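In what follows, a single structure is set out as structure tokens and then discussed.
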Amino acid sequence: MTKSMTNHRHLLDDLTIQDKAIVGGDLCQSLSGESFNVIDPSTGKTHVDITHCGPEDVDLAEKSARRAFEAGAWSRISATERKTTLMRLAGLMRDHAEELALLETLCVGKPINDARNVDIPASCNTLAWFAEAADKVYGEVAPSDDNSLGFVEHEPLGVIGAVVPWNLPLLMTVWKIGPALATGNSVILKPAEQSPLSALRLGQLALEAGIPEGVLNIVPGYGETVGKALGLHPGVDAIGFTGSAEVGKLFLTYSGQSNMKRIWPECGGKSPHIVTRNCKDLKKAAAAVATGIFFNQGQVCNAGSRLLVDRQIKQEFLALVREASSDLIPDDPFLTTTKLGAIVSRPQMERVLSYIEAGRSEGADLVMGGKQVRKDSGGYFVEPTIFDNVSNDMTIARDEIFGPVLATISFDTLDEAIAIANDSIYGLGAGIWTDDLDEALTASKRLHAGTVWINNFDDANVTVPFGGFKQSGFGRDKSLHALSKYTDLKTTWIAK
Ligand code: NAD
């Protein structure tokens, strides 16, 4: 091991793991006493057992959330007071950033440097941004006559369920709880079963920051039990969901089967990343294509998983993408030099490998990677993988693989590229590299996606909404738009 290559796995020894649910301000075991394993995907070994909640715990959480909401110690205080408390929480997250980063890497196998430099800072900044925004939401006064006054206010909805995935555990959590808490709601959070640790620690920090008991409840457990119980609970007013389209659709049915609660599904993607012959800096584009698909082991909702490249430049461009990916060698995620870590779980790795097999058997050309590696570690590692000569009707071009697999499709005209790009059930993100302004504007108008990136991929911050078209869902996270969705509009008329 060289000096710059430091393994930080030993830091796990000093971590105290919060393994309990948080209901009504108490850290508690589930009523059933059941638990589930959190597995370190870089070794395949169980790291810790976490209490597993069931529908009865969800019911208790709903009652405590409702009680807190009605009592008003959070829902009816001034927005400025909520801001102060949430800022304190953001500060505590920053104080505990190192610990939170280690928990993320432990649960999901992402490189520790990514957890430290991307996930945790973005999570702290997001929470602080929503805290700051809390007292900047204004109502309206209607153009009423002299004898009456009509005004419109944003009221908190009540009890919000937040159901989140494992790929960016803490970030997806604060995308939901930030705006929900800032607007005065009570929250019941269900982290993904693969990655509950940072959320459970966050719950403790929230109590320390002074968020009143019952306002933030956390119920760890499997989706089919806890997630479903939240979805069907008649006392939950709305659910912010991030995850697969398949489960997003289930939440829509849970809503119909129960109380017509609002559901905001933020689901998957199959984002096209277009490179035209008018792109001058192909090297820069190639680096963005590599990062766009391989960052976080390809487990990103808006990963640029379909590379659409002009046939004239395809060979040159693919060589540049391979060069840009050459240092992405799957390795122990606790090494500070690692740029590509483990896939989150054995089932997810097997799913990725089965898609690679489908690509081969349907006739695409495997030009890079394609194998499981580091088997001796016991962990779940897959090489960054590139297919060429993919057609858009192949399984690897249609399904969200959620792994490090790039499908390359050629085109001859921009019209053709846009038609291929839009021929997907998803519409989360889309990118185009071109130095032709007409092409850039045409693509921006015609690409059917919630976000279009021109001459970049993945530029983002909390000030703009993020979400998709079509089966990528219709929720929007981040920005002031996310704040307003956690409120209802209340009109009041006062007569003279
Ligand atoms: P998933 O749909 O399997 O699970 C998401 C959450 O739903 C988890 O908490 C899970 O426990 C719960 N769940 C699973 N089955 C359930 C059921 N039957 N009833 C109720 N709840 C259930 O998704 P995942 O594998 O955790 O995450 C990957 C998916 O998330 C990908 O599709 C990815 O694109 C998507 N994602 C989307 C965004 C976005 O902003 N659009 C961001 C990140 C991830």
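Each value in this text was obtained by applying a stated rule to the coordinates, not by laboratory testing. Quick caveat: nothing in here was measured; it's all calculated off a predicted structure. Cβ coordinates were reconstructed from backbone atoms using ideal geometry, including for glycine residues, and neighbour counts include every protein chain displayed.
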- Query: Where both partners of a DSSP beta bridge lie in the range 351-490, what percent of those bridges are antiparallel, to the nearest 5?
  - Reply: 55 percent
- Which whole number of Å³ per residue matches the convex hull of the alpha-carbon atoms in the range 303-433? 115 Å³
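Could you calculate the contour length gain from residue 346 to residue 117, that is, 0.36 nm times the residue separation minus the distance between their Cα atoms, to one decimal place in nm?
Values: separation 229, 0.36 × 229 = 82.44 nm, distance 2.63 nm.
Full-extension gain reported as 79.8 nm.
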- Item | Inter-centroid distance (Cα atoms) of the range 469-492 relative to the range 160-187, Å | 13 Å
- Query: HN-Hα J couplings of the range 218-223 from phi, Karplus 6.51/-1.76/1.60, θ = phi - 60°, integer Hz, Gly and Pro as x?
  - Reply: 10, 10, x, x, 6, x
- Task: Pop out the Kirkwood hydrodynamic radius of the chain from its pairwise C-alpha distances, inverse of mean 1/r, in Å to one decimal.
- Result: 23.4 Å
- Message: Straight-line reach from residue 339: which aspartates and glutamates fall under 17 Å, measuring Cα to Cα and dropping same-chain residues less than 8 apart?
- Response: 104, 114, 119, 323, 327, 331, 383
- If each residue's Cβ is checked for other Cβ atoms within 10 Å, how do 340, 27 rank with the fewest at the top? 27, 340
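Taking 0.36 nm per residue of separation and subtracting the Cα-Cα distance, what length does fully extending residue 56 through residue 140 add? Don't skip to the end; give the middle numbers.
Working: separation 84, 0.36 × 84 = 30.24 nm, distance 4.11 nm.
Contour length minus the Cα-Cα distance gives 26.1 nm.
Given C-alpha coordinates of the range 385-443, what is the ratio Rg to Rh with the Kirkwood estimate of Rh?
Working: Rg = 12.3 Å, Rh = 12.7 Å.
We get a ratio of 0.97 for the range 385-443.
Mind scanning 45/371; 20/136; 190/284; 63/470; 83/445 and naming the pairs with a C-alpha gap bigger than 32 Å? Please report the intermediate quantities before stating the final value.
Working: 45/371 21 Å; 20/136 35 Å; 190/284 39 Å; 63/470 35 Å; 83/445 38 Å.
Exceeds cut-off: 20/136; 190/284; 63/470; 83/445.
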